[in-house]
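The values are calculated or read from the model by the stated rules, or taken from the named source; none is laboratory data. None of the values given here were measured: they were computed from a predicted structure. Cβ: placed from backbone, ideal geometry, glycine included. Neighbour counts: every protein chain shown.
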């Protein structure tokens with residue numbers, strides 16, 4: 001394992017678990033049949049409106065389920081595969097893809113729906129954090145590979 005990687009991998013794992021939790025709550029509300037007040041803070045903040053819009057699924061798959069699976073992949077990479085040399089790059093690729101998807105969904109919330117979801121914004125914060133950490137890991141990996149061996 002690369003020097004100094006363990007705390008960053010643990011932080012990625014923690015953010016992935018938080019992201020999975022937020023996405024799970026969102027998925028629960030996606031399939032809810034009644035309107036909830038869980039995340040209803042007026043006209044501009046309403047998770048139900050976002051979570052039940054036509055944009056809440058991709059090819060019939062709930063966006064929240066895609067989030068759960070994406071965060072699960074990041075969690076596995078940060079824990080089970082943390083010893084592999086290519087893991088920082090795999091984490092970076094997966095997190096950048098997740099961040100791109102989250103930015104697209106955030107655009108839909110603000111520009112198309114005109115309403116924000118606190119759960120979605122929380123997930124965005126998680127994937128931004130993971131992407132920053134994964135970028136740092138990848139940069140360190142590159143730097144350490146280029147550094148002369150002290151032996």
Notebook entry, point to check: Do we have residue 93 as surrounded by fewer than 16 Cβ atoms within 10 Å (Cβ to Cβ), out of contact with any helix residue (DSSP H, G or I) (no Cβ under 8 Å at 6 or more places or on another chain) and under 24 Å from residue 13 (Cα atoms) here?
Noted result: yes
Next item on the list: Go through 100, 67 for me and flag whichever is at pLDDT 95 or above, surrounded by 13 or more Cβ atoms within 10 Å (Cβ to Cβ) and assigned to a helix (DSSP H, G or I).
Entry: 67
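Scan 79, 131 and give me the residue that is farther than 17 Å from residue 23 by Cα and in contact (Cβ under 8 Å) with a residue 40 or more places away in the chain.
79
Using the structure shown, decide if residue 48 is surrounded by fewer than 18 Cβ atoms within 10 Å (Cβ to Cβ), without any contact (Cβ under 8 Å) to a residue 60 or more places away in the chain and touching a strand residue (DSSP E or B) at 6+ places or on another chain (Cβ under 7 Å).
Working: surrounded by fewer than 18 Cβ atoms within 10 Å (Cβ to Cβ): no; without any contact (Cβ under 8 Å) to a residue 60 or more places away in the chain: yes; touching a strand residue (DSSP E or B) at 6+ places or on another chain (Cβ under 7 Å): yes.
When the stated conditions are applied, residue 48 does not pass them.
In the range 16-43, what residues are at pLDDT 90 or above and over 20 Å from residue 84 (Cβ atoms)?
Within the range 16-43, the subset at pLDDT 90 or above is 16-28.
Residues satisfying the conditions are 17, 18, 19, 20, 21, 22, 23, 24, 25, 26, 27, 28.
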Checklist line | The lone exception for residue 86 - which of (1) more than 17 Å from the chain's Cα centre (by Cα); (2) crowded, with 17+ Cβ neighbours inside 10 Å; (3) within 13 Å of residue 134 (Cα to Cα) it fails | finding: (2)
Note to self: Here's a check for you: in the range 109-151, which residue that is surrounded by fewer than 15 Cβ atoms within 10 Å (Cβ to Cβ) and not in a helix (DSSP H, G or I) is farthest from the chain's Cα centre (by Cα)?
What the structure shows: 151
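Do the conditions hold for residue 74, that is, is it at negative phi, buried (at least 20 other Cβ atoms within 10 Å of the Cβ), touching a helix residue (DSSP H, G or I) at 6+ places or on another chain (Cβ under 9 Å) and modelled with pLDDT of 95 or more?
yes
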Checklist line | Subset of the range 51-72 (residues that are out of contact with any strand residue (DSSP E or B) (no Cβ under 9 Å at 6 or more places or on another chain) and within 16 Å of residue 121 (Cβ to Cβ)) | finding: 53, 55, 64, 67, 71
Next item on the list: Scan 57, 106, 79 and give me the residue that is farther than 26 Å from residue 139 by Cβ and surrounded by fewer than 19 Cβ atoms within 10 Å (Cβ to Cβ).
Entry: 57
Check: Does residue 8 count as under 19 Å from residue 117 (Cβ atoms), in contact with a helix residue (DSSP H, G or I) (Cβ under 9 Å, 6 or more places away or on another chain) and not in a loop (DSSP other than H, G, I, E, B)?
Finding: no
